[in-house]
Amino acid sequence: MGVLIKLRDCESLSPAEAQVRDAIIADPRGALSSTVYELAEAAYTSPSTVSRLCKRVGISSYANLRLMLAEEVNHLETIDLAYLDTTTIEPEDTPAQVVEKLTNISIKTIQETHELVDLDALAQAVDLIRAASILDFYGVGASLLVALDAESKFTRVGKCSIVHQHYDRQKVQAINSDASHVGLIFSYSGESPEMRVIARILKDNATPTISFTKSDRNSVSRLATCRLFVTARESLQRAGAMASRTAQLYMVDLLYTLFITSDYDRSVRQISRTALG
């Protein structure tokens, strides 16, 4: 699932690939009934461009894309998720309209991220965390807030967890890591210079990593051992990264809860022991 969302959020496309992407998003049901040649003609490009676009979003062929689209279009209509909704905050909006729009953005962000959930990747992430002696959390800006939240959660269940708020300390922590650590890297774009450096250091150290990024190709996820993807509906130049933060927090909650259920009795005892009031 999440094909249309991945297509919509994909930014690193050639102009020809973007034309195909736009044609599919504009009329996904039309794409279902089109051959690769008909879609290419509608997008004023070539069948080979259609094939390249499919591979960009991790789908082997246009035939497989159509199969996935058939299921997804019906599903999105069932849950009333408008994947092309571009809610924006306008200067003339009343306080009530701002509240309504931001609430809608948060709800839709979680719904869309749910469509991108990969249960196998989450299971892999749980296994990595269970096996790790130390969990290292990395992030800058709004993603640092998510890293702090995740570190607090996993500390409650007895995992040795470390997060530093200053990048220079994070870099030293990465340099000191090894295969007994797991690095959890939070970067919505996957292209922040600091997190790219961290991801490369961890890769060179053979430290297993779990990335939390958007679904489009990005440097951080390419270097990660386990990839968890989120989406976001941002306006006003990502509006202080509110929606992306919401999506990452939701993914952390999923991972944390699955970790608890993987060893429920021990986890519940540990949470009870570490309760502060």
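The values are calculated or read from the model by the stated rules, or taken from the named source; none is laboratory data. Computed from a predicted structure; not experimentally measured. Cβ coordinates were reconstructed from backbone atoms using ideal geometry, including for glycine residues, and neighbour counts include every protein chain displayed. Calculation scope for accessible area: heavy atoms of the full protein, side chains included, ligands and nucleic acids excluded. Shrake-Rupley method; radii C 1.70, N 1.55, O 1.52, S 1.80 Å.
For the chain, adding -39500 (n - 2.57) for each run of n ≥ 4 DSSP H residues and dividing by the number of residues yields -18500 deg cm²/dmol at 222 nm.
Considering only ALA125, ALA224, ALA63, the mean-square fluctuation computed in a Gaussian network model of the chain, springs between alpha carbons under 10 angstrom, is largest for ALA63. Geometric descriptor of the chain, per residue, is 156 Å³ (volume of the convex hull of the Cα atoms).
Apolar share of the accessible surface for the chain: 55 percent from carbon plus sulfur atoms, 1.4 Å probe.
Please report the antiparallel percentage of the DSSP beta bridges confined to the chain, to the nearest 5. Here the share of antiparallel DSSP bridges comes out near 0 percent.
Cross-link reach is defined here as a Cα-Cα straight distance under 17 Å, omitting same-chain residues fewer than 8 places apart; for LYS203 the aspartates and glutamates meeting it are ASP136, ASP178, GLU191, GLU194. The listed residues TYR264, TYR250, once ranked by accessible area (1.4 Å probe) with the largest placed first, stand as TYR264, TYR250. For a straight C-alpha distance cut-off of 25 angstrom, the lysines reachable from LYS6 (same-chain residues fewer than eight places away being disregarded) are LYS55, LYS101, LYS108, LYS214. Comparing ARG29, ARG227, ARG245 in a Gaussian network model of the chain, where Cα atoms under 10 Å apart are tied by springs, the biggest mean-square fluctuation is seen for ARG29.
In the context of the full set of protein chains, residues of region 1-152 present 50 Å² of accessible surface per residue (probe radius 1.4 Å, heavy atoms only). Packing, as the average of other Cβ atoms within 10 Å across residues, places the peptides 97-106, 157-166, 144-153 in the order 144-153, 157-166, 97-106, highest first.
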